[in-house]
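Before any comments, here is the structure.
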Amino acid sequence: MPDAWKFSETATDKPELPEVKEFLKSKYDNAFAFGTDNLCRSGIFRLLGWAFDFRPWLRRFIYKQYGSWSEIYAPNKTAIRKVVYGRIDLIQEILN
């Protein structure tokens with residue numbers, strides 16, 4: 001289970017999330033699912049005043065699209081192609 005912390009004073013009980021692998025698959029299969037954009041940008045999913053850190057299960061990539069570079073968190077390159085609309089020229093993993 002990912003680390004979680006309150007980011008809002010109105011947060012109540014911590015919500016239960018499904019298994020990490022199933023959760024990430026559901027988010028990266030549908031680019032318009034709630035929280036997918038934030039998960040891709042920061043690796044953190046926010047729900048009901050709680051923030052869940054999925055960065056240990058995600059890898060950092062940069063991709064080139066229409067002449068500009070963008071950074072994204074994703075489990076693999078295939079997930080990036082499912083979430084990002086349009087032609088992607090190049091995907092490169094960022095190693096720490």
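Here, each number is a calculation from the coordinates, and none is a lab measurement. What you see is a predicted model; the values in this text were computed from it and never measured. We place every Cβ from the backbone using ideal geometry, glycine too, and count neighbours over all the protein chains shown.
Residues in the range 1-33 that are aromatic (Phe, Trp, Tyr), in contact (Cβ under 8 Å) with a residue 12 or more places away in the chain and not in a helix (DSSP H, G or I): Trp5, Phe7. Check whether at least one residue in the range 10-25 is in contact with a Gly (Cβ under 8 Å, 6 or more places away or on another chain) and exposed (fewer than 13 other Cβ atoms within 10 Å of the Cβ), and report yes or no. Yes: the range 10-25 contains one or more residues that are in contact with a Gly (Cβ under 8 Å, 6 or more places away or on another chain) and exposed (fewer than 13 other Cβ atoms within 10 Å of the Cβ). In this structure, Phe7 does satisfy being surrounded by fewer than 16 Cβ atoms within 10 Å (Cβ to Cβ) and hydrophobic (A, V, I, L, M, F, W, C). Looking across Asp13, Asp37, Asp53, one residue alone is of a type in the set (D, E, K, R) and touching a Pro at 6+ places or on another chain (Cβ under 6 Å). It is Asp53. No other residue among Phe54, Phe61, Phe34 is aromatic (Phe, Trp, Tyr), surrounded by fewer than 13 Cβ atoms within 10 Å (Cβ to Cβ) and on the phi < 0 side of the Ramachandran plot apart from Phe34. Inclusion of Ser42 among residues that are surrounded by 13 or more Cβ atoms within 10 Å (Cβ to Cβ), within 13 Å of the chain's Cα centre (by Cα) and among the small types (Gly, Ala, Ser) is warranted.
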